[in-house]
1. Inspect all residues belonging to the stretch B:16-29 and state whether any of them is β-branched (Val, Ile, Thr) and buried (at least 23 other Cβ atoms within 10 Å of the Cβ).
2. Please verify whether the stretch B:107-117 includes one or more residues that are touching a helix residue (DSSP H, G or I) at 6+ places or on another chain (Cβ under 9 Å), part of a helix (DSSP H, G or I), under 27 Å from B:Ile214 (Cβ atoms) and not acidic (Asp, Glu).
3. Just give me the residues in the stretch B:90-110 being more than 11 Å from ligand 2 (Cβ to nearest atom), open to solvent by 20 Å² or more (accessible area, probe 1.4 Å) and either on the phi > 0 side of the Ramachandran plot or over 18 Å from the mean Cα position of the chain (by Cα) (or both), in sequence order.
4. Go through the residues of the stretch B:232-241 one by one and say whether even a single one is part of a strand (DSSP E or B) and more than 14 Å from every other protein chain (Cβ to nearest Cβ).
5. Is it true that some residue in the stretch A:213-224 is basic (Lys, Arg) and on the phi > 0 side of the Ramachandran plot?
6. Six or more apart or on different chains, Cβ atoms under 7 Å: show the pairs whose first residue is in the stretch A:302-318 and open to solvent by 30 Å² or more (accessible area, probe 1.4 Å) and whose second is modelled with pLDDT under 95 and within 12 Å of ligand 1 (Cβ to nearest atom).
7. Identify, please: which residue in the stretch B:131-140 is within 8 Å of chain A (Cβ to nearest Cβ) and open to solvent by 10 Å² or more (accessible area, probe 1.4 Å) and is, among those, nearest to ligand 2 (Cβ to nearest atom)?
Amino acid sequence: MSKVLVVVELGDGKLRAHSLPGITAGQQVAASLSAELHLLVLGASPQAAAEAIAAEGWGAKTVHVAAHAGLEPFTAEAWADAIVVAARAIGPTAIGGTATSTLRDALPRAAALLGAPLAPEVTGVKGPRIFSREVWAGRALAELAMEGDLFFFTARASEFAPAQPGGAAASVASVDGVAANQRGVQVLSIEKTQSARPALTEAKVVVSGGRGMREGANFRVLEELTDLLGGALGASRAATDAGMVPADLQVGQTGKVVAPNLYIAVAISGAIQHLAGMKGSKVIVAINKNGEEPIFQIADYGLVAKWEDAVPRLTELIRARKG
Amino acid sequence: MKILVTVKRIPDPVEPPKFAGGQLDTATSKWVQNEFDEYGIETALRLAEVGGGTERLAEVVVLSICPPGKRDHVTNFLAMGANRAVVVEADDTTLDAQSIAQLVAAVFRKEACDLLISGKLSQDGESNELAQRVAGLLDLPQATFAAQVTWDRSGNALQVAREVEDGVETKRVPLPAVLSVDLRIVLPTSVRNGATPENHPYPDKPRLASLRGITMAKTKKVEVLKPADLGVTVGCAVQTRSVVAPPKRQAGKLVASVEELVEKLATEAKVL
Ligand SMILES: Cc1cc2nc3c(=O)[nH]c(=O)nc-3n(C[C@H](O)[C@H](O)[C@H](O)COP(=O)(O)OP(=O)(O)OC[C@H]3O[C@@H](n4cnc5c(N)ncnc54)[C@H](O)[C@@H]3O)c2cc1C
Ligand SMILES: Nc1ncnc2c1ncn2[C@@H]1O[C@H](COP(=O)(O)O)[C@@H](O)[C@H]1O
């Protein structure tokens, strides 16, 4: 039986939440090919994590373990080596996972080493070897067919529901002869943006601010609204470039793609590159002082107002309603 | 030091895409350079030049894979300040990323370059895979999604701040290496070569070609090759079955007050 291999990531020794949409995509690819789902866990000593993941099932046949000291911290160089070794040992038809910065770094490198094509950031599985994806900043929808004995895919997190644990436990197998050469690179530091809020791509509510917020301190008002709604904070490129908020809060073609139940865009004009990252949201609210801005063409509810007046009042009314 | 910078020719992303017969219709498109590649050439030039002066620390070579006779985008990069160009003549719209990567890797080897700089993304195809593939094929270290680069000339290495999922990773890569650049690489203090004064007034965007640059560009060397000259057999293992317009989102309504907005969100949209 053919196999679909999904690469998952660990954080604090556990399966990372952002890997779950990739498992769902892998399940769909496996179903379309009548193939088995296999998972691949990489790290310095990921055995315990792999066993816990295998016990949870996830619809997988086997959880493969690639263990090597050189796999932590993550480098694309070492991970691609290990993925190539695993691919040669396991013999999958497809290799994929969530389109995180990690897999978008490592999988194309591994694909090149194996001479395989890749379907990047797919939004749907349309049939055996057939995927949909957005191109042109979300203004065109392409359908791709992948050829060859092996192909790769990465799945856009906002388009696949997180996989749920369950089903029969998977077996655990180790990948022999794992190579992991970092090619002389050194990871000097990883500065994580500290936040108690949910991850931008997983939040049910996203409140984003743009250039019209003028300075970082003014985001305080948006943070209050965000926290009241239990959401995540986002921003336009103009706001992140200006250093008002950290770069990893950017929503758009080159930032995160989000699809929450509620997206509130404050002082954002609605450039196509921004829309590419949020137009899949269920309900979009725009607050902008200029009623002519393109953001109003896709907003479900538009309010022409200055944020200075509108946002504090909005927070106050919602707080009153929540009691 | 020799820096290779890739540039892709794309239909102008400012114009809305047109569709015909279930495919993109680019017959009347204006073609321009991919904006991320402008960030790439700007990065290369900031590494190469000693701010303000005429001294150069590196040679900057531009590379594009594009159809014969369609290389205005390459001339633009020569006008911005690249030293010379290599053009591989092929209709890149019919090739897959692996073929493009093989061609880029072959030119990198032939030229014995020290650094490849590519954009992180093409604005039309949005694959985000070229740099990673080339690094794999050349067996070189890679630093993708670069937001800041510092060149350690005595150590023959780059220190690169990369934009990752939930923050910033700093990676040191020995040269030769492969880099892909993200948006913030063009902010005024993002590129450091250890020779340009720290306070050199770079703008927050790629430079425009000067009149002198435009005149000079015509005299600069452009080597034209075919894939076969590089010993590469190209192909495509990804078939585009269709490209269509996405479903259009209906514009909603304007509300008159914050009170009305909250009311609508609670009772109509039911998201509060
Ligand atoms: C290759 C490329 C990739 C890009 N990728 C992205 C991306 O991923 N994400 C992204 O966001 N952008 C991206 N951009 C940039 C994009 O084109 C826009 O420049 C950017 O989104 C504009 O941000 P903005 O809406 O905050 O700023 P502006 O367009 O300047 O809009 C500011 C808005 O604030 C409003 N305003 C001002 N004061 C107030 C006030 N007091 N109260 C209420 N409203 C007010 C104004 O009316 C205006 O609408 C990209 C661009 C390129 C070329
Ligand atoms: N035909 C091409 N010629 C030169 N460079 C290219 C070509 N196609 C892609 N690239 C480079 O690859 C980068 C990433 O593109 P992509 O992987 O297609 O998203 C671009 O920014 C270009 O620098």
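1. Applying the first criterion (β-branched (Val, Ile, Thr)) to the stretch B:16-29 yields B:26, B:28.
Right, trim to buried (at least 23 other Cβ atoms within 10 Å of the Cβ) and you get none.
Checked the stretch B:16-29: no residue is β-branched (Val, Ile, Thr) and buried (at least 23 other Cβ atoms within 10 Å of the Cβ).
2. Taking the stretch B:107-117 first, the residues touching a helix residue (DSSP H, G or I) at 6+ places or on another chain (Cβ under 9 Å) are B:107-110, B:113, B:115-117.
Filter once more, keeping what is part of a helix (DSSP H, G or I): B:107-110.
Those still in the list that are under 27 Å from B:Ile214 (Cβ atoms) too: B:107.
With the extra rule that they be not acidic (Asp, Glu), the set shrinks to B:107.
Yes.
3. Of everything in the stretch B:90-110, those that are more than 11 Å from ligand 2 (Cβ to nearest atom), open to solvent by 20 Å² or more (accessible area, probe 1.4 Å) and either on the phi > 0 side of the Ramachandran plot or over 18 Å from the mean Cα position of the chain (by Cα) (or both) turn out to be B:Arg109, B:Lys110.
4. To start, the set of residues in the stretch B:232-241 that are part of a strand (DSSP E or B) comprises B:238-241.
Still in the running and more than 14 Å from every other protein chain (Cβ to nearest Cβ): none.
Checking the stretch B:232-241: not a single residue is part of a strand (DSSP E or B) and more than 14 Å from every other protein chain (Cβ to nearest Cβ).
5. Here is the first cut: in the stretch A:213-224, the ones basic (Lys, Arg) are A:214, A:220.
With the extra rule that they be on the phi > 0 side of the Ramachandran plot, the set shrinks to A:214.
Yes; the residues of the stretch A:213-224 include at least one that is basic (Lys, Arg) and on the phi > 0 side of the Ramachandran plot.
6. none
7. Ranking the candidates gives B:Leu137 first.
Condition check ((1) more than 24 Å from A:Ala239 (Cα to Cα); (2) in a helix (DSSP H, G or I); (3) modelled with pLDDT of 95 or more) across all residues:
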| site | (1), (2), (3) |
| --- | --- |
| B:Leu179 | yes, no, yes |
| B:Asn199 | no, no, no |
| B:Ala209 | yes, no, yes |
| B:Ile214 | yes, yes, yes |
| B:Thr219 | yes, no, yes |
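The values are calculated or read from the model by the stated rules, or taken from the named source; none is laboratory data. Predicted, not measured: the structure shown is a model, and the values here were computed from it. Note: ideal-geometry Cβ built from the backbone for every residue, glycine included; neighbour counts use all protein chains shown. SASA here: full protein model, heavy atoms, side chains in, ligands and nucleic acids out. Shrake-Rupley method; radii C 1.70, N 1.55, O 1.52, S 1.80 Å.
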